[in-house]
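Written out below as structure tokens is the structure these notes cover.
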Amino acid sequence: MVIDKKVLIIRTIGNAIILFVITGLLFTFWPVLSATSNFLLDKVQGKKFQAAATTSQPTQSFGSLLGDSQSNPASILVPKDPNFSLIVEKIGANAAVVPNVDASNKAVYTEALKRGVAHALGTSFPGQPGVSYMFAHSTDTLLNVPRYNAIFYLLWDMKPQDKVVVFFQGKRYDYVVTEVKITEPEDVSYFTMKTEEQILVLQTCYPPGTTWKRLLVIAKPAFSVAESSI
């Protein structure tokens with residue numbers, strides 16, 4: 001059977017396009033798939049994480065603290081940068097925070113997101129009244145997603161009462177999640193909010209690997225949440 005040359009060319013081009021699309025999808029979503037699969041594997045294995053009590057605490061497991069590394073495989077997370085770091089114990093996230101990043105300047109936040117989580121310029125710092133706004137994996141096109149820090153890909157699993165720990169200028173700040181919400185990408189209500197409360201907002205894109213929506217995790221200092229529940 002002789003295959004027409006035109007048909008062969010069309011098939012070749014079609015196969016090349018399919019291969020290109022598959023490669024592009026893998027390139028785009030591999031960080032998401034990798035982070036999610038590792039997270040689920042940790043869950044199945046019962047692995048847990050805990051933020052270090054101080055910025056200089058040596059890395060070790062809970063098991064080693066108890067004298068039995070097999071009884072509990074959970075690990076203590078020492079902040080990446082004692083001056084400014086973020087740890088989310090539930091998802092094992094640990095990254096340096098780049099302070100005073102202009103969220104309206106693409107060149108600036110693009111560079112910052114290659115190094116960790118960005119703290120939005122003009123928002124408060126931990127321990128100060130107002131909103132401390134931090135974001136990661138914020139990008140304008142799908143193909144740019146893998147270039148940025150994937151630490152926030154797993155925020156979709158956060159729930160109220162989960163903990164977030166921030167280390168700032170050598171001091172530890174504990175927060176408790178009060179709300180998780182999905183908003184439109186144009187929503188800047190928390191970014192521009194004026195308040196005397198101390199509020200931490202973590203922002204990423206949703207669904208993971210897209211820029212269609214924003215996922216916001218809102219947290220407040222653990223002491224204030226405890227007081228409000230009394």
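Selection of the range 43-91 for residues being of a type in the set (Gly, Ala, Ser), more than 16 Å from Asp174 (Cβ to Cβ), assigned to a loop (DSSP other than H, G, I, E, B) and modelled with pLDDT of 65 or more yields Gly46, Ser56.
Suppose we keep only residues that are part of a helix (DSSP H, G or I) and basic (Lys, Arg) within the range 106-155. Which one would you say is modelled with the lowest pLDDT?
Keep residues of the range 106-155 that are part of a helix (DSSP H, G or I), which gives 106-113, 142-147, 151-155.
Then keep just the ones that are basic (Lys, Arg); that gives 106, 147.
On the way: Lys106: 84, Arg147: 42.
Across the range 106-155, the extreme among qualifying residues is Arg147.
Please indicate, with yes or no, whether at least one residue in the range 157-166 is over 24 Å from Ser224 (Cα atoms) and either modelled with pLDDT of 95 or more or in contact with a Gly (Cβ under 9 Å, 6 or more places away or on another chain) (or both). Checking the range 157-166: not a single residue is over 24 Å from Ser224 (Cα atoms) and either modelled with pLDDT of 95 or more or in contact with a Gly (Cβ under 9 Å, 6 or more places away or on another chain) (or both).
The values are calculated or read from the model by the stated rules, or taken from the named source; none is laboratory data. Since this is a predicted model, take the numbers as computed values, not measurements. Using ideal geometry, Cβ is built from the backbone for each residue, glycine included, and neighbour counts are taken over all protein chains shown.
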